[in-house]
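Contents: one structure, followed by commentary.
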Amino acid sequence: MRREIPLFITFIIGTALVVALFIPHEPFRELDHQFSVWFDIIAVFAFILGGGNLLRVHVDRITRKHPDRIYSMVTIVGFLGTLLIGLFKFGGDPGLTGNYIAQGTWFKVVYDAFFVPLGATMFSLLAFFVASASYRAFRAKTREATILLIAAFIILVGRTPLGYYLTFWLPEPLQFLHIPNLSSWIMSVPNLAGQRAIMIGIALGIIATSLKLILGIERSYLGQEK
Amino acid sequence: MTFIEKMQAIDRRIIFLLIALAVIIPMVFKLVIPVRPSPIVQAIFDKIEELPSGSKVLLSFDYGPATVPENQPMADGLARHCMIRGHKLYLMAVWATGEAQGNITIENVIAKEFPDAVYGEDYIQLGYKAGNQGLINAIFTDLKGMYTTDAGGVDINSFPMMKEVNTLPDFDLILCIGSGKPGLKEWVQFAGDRGDIPVSGGVTAVEAPLLYPYYPKQLLGLMGGLQGAAQFEAALVKKYPQYKDVSSGAVILMGPQTVAHLVIIAFVIIGNIGFFVLRRREKRARTE
């Protein structure tokens, strides 16, 4: 029964949601709405599971005296500190019933003083690594790599106002060589064709996997049978 | 070791330093390069412009602090334009960090530039709810069922601008500023397509190529990265020159980005010259 009940629930809900998409009338419309609401409720509990898992992993690293345990300590202090400040809405008005991120709350201070600069720093590092990687790896070794290199070159210049000023003087018959036009063409034609192919492939894969789940052919999500 | 060989084995810290200088120097000297709106960005501006005053516009903040330099000017620009046109602006977030970013737009744009705008009548912060695309699916049929209060915990039915809004199809336009999943793509799939609601917005430069397949039928326009934000600012200033001083955050940042791109291009060219010179030398050595 431990396997049959989840299989039955998956079949019923999966079938109802598929039917609701094609027949948006009662009772399927209401079923679709109720399932969405329950999905949102379950998603909230995922935060608790995620938090619990984060604590488990890092407490384990500290107790095992892992060489990098100092980072785990910072993670736990940061996590619990932010959680408590947010839950009890310290500094906020009117206390527990107010908005956790309103002006004046400690959570807002933590968000602005720690989370914003740390997040921005992490993303900014990308520019340095992209530059370094471009220098070392972006080589015209083969014909395909050369085409990729030329496309990247046009997109890089086309993504700046400089692209316009470099080739705006081109006469009308040669306007297709104007860098912003070339950049736009690369994005709207070859890129679009590739993206569509990938998206259609992914969609077909999702349909196949979903059908296998609904029909009970794919059962790996249930875990191993003892 | 020859000069070319030395260049090929250059310490990456030198590359890091040059990139840092490429960003810092244009910022210090306030290098501003004029930006022109492209058709894909102009389409968003035109849509907001052609909606009758008082139209209901949903603006979803689906990003976090990591992508603020790209995303925040987009959100500020869209909010500014909606307020100029007198649209009702509904702010929400599918990302946990989005609500704080929405508050920044309220503080920096709405409160400062439109002091006469009344909360609950002209704009409202609905805040964040968990559920990702499940949330979009749920509010499609019952928005007030999910948002029983605004972000501040006040009863949703007490706000005049919420009286005519019960589902997503009640909105005239959905705008999303995103930097990942769930984001603009999910708004197209779960709201725009399903309810035939116009959807538009902006995403980070790395995500923009993924959204081109939806343009122009399912996505009426797209701001891609900082350049997209700068182009929207340029379109806004062209029509409303009185906002030139406040609507220039992305345009100013385009200077450092342009120089950084040029430095990266220079690195790629130098790297390839070195590669070809060394390859030719190797071939010559083999034949000798």
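The values are calculated or read from the model by the stated rules, or taken from the named source; none is laboratory data. Values in this document were obtained by computation on a predicted structure and should not be read as measured data. Positions of Cβ are backbone-derived with ideal geometry, glycine not excepted, and every protein chain shown enters the neighbour counts.
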Practice task
Scan the stretch B:250-271 for residues that are surrounded by 18 or more Cβ atoms within 10 Å (Cβ to Cβ), more than 25 Å from the chain's Cα centre (by Cα) and not small (Gly, Ala, Ser) and jot them down.
Solution key: B:Phe267, B:Val268
Handout entry: Selection from the stretch A:77-105 of residues that are buried (at least 16 other Cβ atoms within 10 Å of the Cβ) and modelled with pLDDT of 90 or more
Key = A:Thr82, A:Ile85
Exercise for the section: Check off (1) within 11 Å of chain B (Cβ to nearest Cβ); (2) within 25 Å of A:Leu54 (Cα to Cα) for A:Gly98 and give me the number that stays unchecked. Expected result: (2)
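Hey, does the stretch B:52-67 have a residue that's aromatic (Phe, Trp, Tyr), surrounded by 14 or more Cβ atoms within 10 Å (Cβ to Cβ), on the phi < 0 side of the Ramachandran plot and assigned to a loop (DSSP other than H, G, I, E, B)? Even if it seems obvious, please write down each step before you answer.
Here is the first cut: in the stretch B:52-67, the ones aromatic (Phe, Trp, Tyr) are B:61, B:63.
After this cut, where a residue has to be surrounded by 14 or more Cβ atoms within 10 Å (Cβ to Cβ) as well, the list is B:61, B:63.
If we keep only those that are on the phi < 0 side of the Ramachandran plot too, we end up with B:61, B:63.
From what is left, the residues that are assigned to a loop (DSSP other than H, G, I, E, B) are B:63.
Yes, that holds for at least one residue.
Taking A:Ser210 as the residue in question, decide whether it is in contact with a helix residue (DSSP H, G or I) (Cβ under 8 Å, 6 or more places away or on another chain) and within 14 Å of A:Ala151 (Cβ to Cβ). Before you say what the answer is, go through the steps one by one.
Working: in contact with a helix residue (DSSP H, G or I) (Cβ under 8 Å, 6 or more places away or on another chain): yes; within 14 Å of A:Ala151 (Cβ to Cβ): no.
Criteria not met by A:Ser210.
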Handout entry: Residues of the stretch A:122-142 satisfying the condition of being within 8 Å of another protein chain (Cβ to nearest Cβ) and among the β-branched types (Val, Ile, Thr)
Key = A:Val130
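Listed here are the residues, each with its yes/no results for (1) within 20 Å of B:Gln218 (Cα to Cα); (2) touching a Phe, Trp or Tyr at 6+ places or on another chain (Cβ under 9 Å).
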| residue | (1), (2) |
| --- | --- |
| B:Asn108 | no, no |
| B:Met162 | no, yes |
| B:Leu173 | yes, no |
| B:Ser179 | yes, yes |
Problem - Criterion: more than 28 Å from B:Lys129 (Cα to Cα) and surrounded by 11 or more Cβ atoms within 10 Å (Cβ to Cβ) - qualifying residue of A:His66, A:His58 - result: A:His66
Practice task
Would you check which residues across the stretch B:147-174 are crowded, with 20+ Cβ neighbours inside 10 Å and either within 14 Å of chain A (Cβ to nearest Cβ) or modelled with pLDDT under 90 (or both) and list them?
Solution key: B:Tyr147, B:Asp150, B:Ala151, B:Leu168
Practice task
Quick one: in the stretch A:169-218, of everything that is free of Cβ contacts under 8 Å to residues at least 12 places away in the same chain and of a type in the set (Gly, Ala, Ser), which residue is farthest from the other protein chains (Cβ to nearest Cβ)?
Solution key: A:Ala208
Completion exercise
If we ask which residues in the stretch B:153-191 are assigned to a loop (DSSP other than H, G, I, E, B) and either touching a helix residue (DSSP H, G or I) at 6+ places or on another chain (Cβ under 7 Å) or more than 20 Å from A:Asp40 (Cα to Cα) (or both), their number turns out to be 12
Handout entry: All positions within the stretch A:68-119 that are assigned to a loop (DSSP other than H, G, I, E, B) and closer than 22 Å to A:His58 by Cα
Key = A:Asp68
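Is there a residue being facing chain A (nearest Cβ under 9 Å), more than 21 Å from B:Ile14 (Cβ to Cβ), buried (at least 20 other Cβ atoms within 10 Å of the Cβ) and within 25 Å of the chain's Cα centre (by Cα) anywhere in the stretch B:229-249?
Step one: filter the stretch B:229-249 for residues facing chain A (nearest Cβ under 9 Å), giving B:230.
So of that shortlist, the ones also more than 21 Å from B:Ile14 (Cβ to Cβ) come out as B:230.
After this cut, where a residue has to be buried (at least 20 other Cβ atoms within 10 Å of the Cβ) as well, the list is B:230.
Still in the list and also within 25 Å of the chain's Cα centre (by Cα): B:230.
Yes, there is a match, as at least one residue in the stretch B:229-249 is facing chain A (nearest Cβ under 9 Å), more than 21 Å from B:Ile14 (Cβ to Cβ), buried (at least 20 other Cβ atoms within 10 Å of the Cβ) and within 25 Å of the chain's Cα centre (by Cα).
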